[in-house]
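Read through the structure below, which is laid out as structure tokens, and then see the notes.
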């Protein structure tokens, strides 16, 4: 039994949004993802840190969910900025159940327990997004993260975000303050691709160790967090 994380799989098994147009790094990325997951076990848990499928609705993302469900282990899905299929937790869980997907669940306004750890998270916020509504959306994400952290019930906390809360030349104080207040041990985030990898912050800040887990950064191999 082990815990893993990877973000930004950008699946499109319908063929509508092939990722190889973004460069050699994305060539055969579905097959590479499948091969990497084949090394996992059925009792492993993997957090998918957003931008999982290009599907515009649950129905259009169905082939991507079927692909994920067939991979070993449980997967906890986080919302990313390109997860247009995302709807309410109840609708997503009902959709998964209706299609017999037993390995998929949603990390959103909640947390999951893994041994001594609480797995918390939300999409987060990034300076490049929707400046006109930034204050409202950032406040909402901070509330979601706080709800998730409160559900930790005193356990050691691992936090998963889609957007980086800290970046070369940028910090998101509303989220970093929460991570500091709750003494989050580790924070994993995605969203950054290609040349922006070099601007990622990795290492320790205050109480927390930060790491980038975008799929192309990890070579499409889930990052092992702990046993």
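Any read-out appearing in this document is the output of simple, stated calculations on the displayed coordinates, not a laboratory observation. As the structure is a computational prediction, the values presented were derived from the model and not from experiment. Note: ideal-geometry Cβ built from the backbone for every residue, glycine included; neighbour counts use all protein chains shown.
Scaled to the globular estimate 2.2 N^0.38 Å, the Cα spread of the stretch 48-104, given as radius of gyration, is 1.00.
For residue 116 and residue 180, FRET efficiency with R0 = 25 Å and r from the beta-carbon atoms, rounded to 0.05? Efficiency for this residue pair is about 0.75. Ordering 159, 172 from the fewest to the most neighbouring beta carbons within 10 Å gives 172, 159. Computed from the C-beta positions of residue 196 and residue 60 and an R0 of 25 Å, the FRET efficiency is 0.35 to the nearest 0.05.
Estimated at 0.36 nm per residue, the fully extended path between residue 147 and residue 88 surpasses their Cα-Cα distance by 19.6 nm. Modelled this way, with points 7 Å down the Cα-to-C-beta line, the labels at residue 207 and residue 137 are 2.9 nm from one another. For a paramagnetic label modelled on residue 70 (point 7 Å from Cα along Cα→Cβ), amide N atoms under 18 Å away belong, within the stretch 32-46, to 32-42. The order of the peptides 190-199, 49-58 by mean Cβ neighbours within 10 Å, most packed first, is 49-58, 190-199.
Once you reduce the stretch 55-69 and the stretch 1-25 to the center of their Cα atoms, the two points are 13 Å from each other. Full extension of the segment from residue 156 to residue 32, taken as 0.36 nm per residue of separation minus the current Cα-Cα distance, would add 41.4 nm.
Computed packing ranks the peptides 179-188, 146-155, 89-98 as 179-188, 146-155, 89-98, most packed first, by mean other Cβ atoms within 10 Å. The length gained on full extension between residue 221 and residue 98, counted as 0.36 nm times the residue separation minus their Cα-Cα distance, comes to 41.3 nm.
For the peptides 214-225, 1-12, the ranking by packing is 1-12, 214-225, with the highest mean count of neighbouring Cβ atoms within 10 Å listed first.
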